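**Q** Structure incoming, see below.
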Amino acid sequence: MAVNSSSPLNAVAALLVLWGAVITLPLGVVGSLSDTGPMRMVFVAMAAGGAGMLYGGVKMWKQWRRAVLVEREHQRDMRDAVGAPPMEHGSPIPSGPGVALQSGELVLARWTYTADEWREYTQAEWKRRRLEAIVVGTLLLLVGYCSGRGGGDEGNAMMAAAGLVGVAVAGGLLGRAYLARKANESAPGEAVITGSAILLNGKYHVLSNDTYSFQGVRYDTEAKPPLLEFSISWSTRKGHSGEKIRVPVPAGRDAEAREVVAALGGRVDASSPPATA
């Protein structure tokens, strides 16, 4: 799943907040004006909360709409800079690394992949994400079991809740992995990398903007296929969350991959020496 601020999920979140405001604000206003008893302060609090939700929902919606416009324009700029449509693997690239976007940002790499290279990446990514879902779900189950063990009815309820959460989280991660796999299989492979975003097989991934913070990149030459792994993070109400965007490195592009790492201040995890050609 693409990592970006223009995701439809952000629009859904804004609409849910606005829906909450539509319900809460009128009830709070009417109740605070009509009730003169002890419940009046409750209705006042509801009205204040509804007003806050309305403000927050409108702000979220505006941020999403702005992100849609900005990210679509940036994606179009990236595609125009390297030339569209994608070319066959191994064909000359009329515009590649070092080409500047209209914004002045440089294209660090533009790669296409053979069918075998892309199939290997798609299968490896599916296995990695599937294992991640199983591990996360299992850990949640274990935490719930340990927390509720020996706690009587309350402990059993805690274990049941943890089980539901574990299954839901694992199912969500598996669903995301499956959708990513189907999306990857539906097109040939192509990657365009800049310092602030990646176009991977047509999916726009943000590396750095007002919401996402770029945490670094590492080049794993021993992975199959070799990978550039970009790490990003963002703030949540409970702290920070993160995601990794893995870009396969096609055959013969080792030197370019190392240049990307150097440009972004990352590291190379390898036992093999740099390519000399």
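**Q** Once you put a point 7 Å from the Cα of THR114 and another 7 Å from the Cα of LYS224, both along the Cβ direction, what distance in nm separates them?
**A** Using points 7 Å along Cα→Cβ, the separation is 1.6 nm.
**Q** Sort 199-209, 233-243 by packing, meaning the average of other beta carbons within 10 Å per residue, with the highest value first. Walk me through the intermediate numbers first.
**A** Values: 199-209: 19.2, 233-243: 10.3.
Going by the mean number of other Cβ atoms within 10 Å, highest first, we get 199-209, 233-243.
**Q** Once you sort the root eigenvalues of the Cα gyration tensor of the range 25-77 as a ≥ b ≥ c, which label holds: rounded (a/c under 1.5), prolate (a/b larger than b/c) or oblate (the other case)?
**A** On the way: a/c = 9.86, a/b = 6.04, b/c = 1.63.
Judged from the Cα gyration tensor, the range 25-77 comes out prolate (a/c at least 1.5, a/b above b/c).
**Q** Based on the mean of other Cβ atoms within 10 Å per residue, sort peptides 30-36, 42-48 so the most packed one is first.
**A** Working: 30-36: 13.0, 42-48: 16.4.
Descending packing order for the listed peptides: 42-48, 30-36.
**Q** So how far apart, in nm, are the two label points at ASP35 and TYR55 if each is 7 Å from Cα heading toward Cβ?
**A** Using points 7 Å along Cα→Cβ, the separation is 2.3 nm.
**Q** Summing Lys, Arg as +1 and Asp, Glu as -1, what charge do residues with Cβ under 11 Å from the Cβ of ALA197 carry, ALA197 excluded? Mind showing how you got there, number by number?
**A** Values: positive: LYS203; negative: GLU71, ASP77, GLU105.
Residues near ALA197 contribute -2 overall.
Rule-based calculations on the coordinates, nothing more; no lab input. Just so it is clear, the structure is predicted and the values come from calculations on it, not from any experiment. Because the Cβ atoms are built from the backbone with ideal geometry, glycine has one as well, and the counts that use them run over all protein chains shown.
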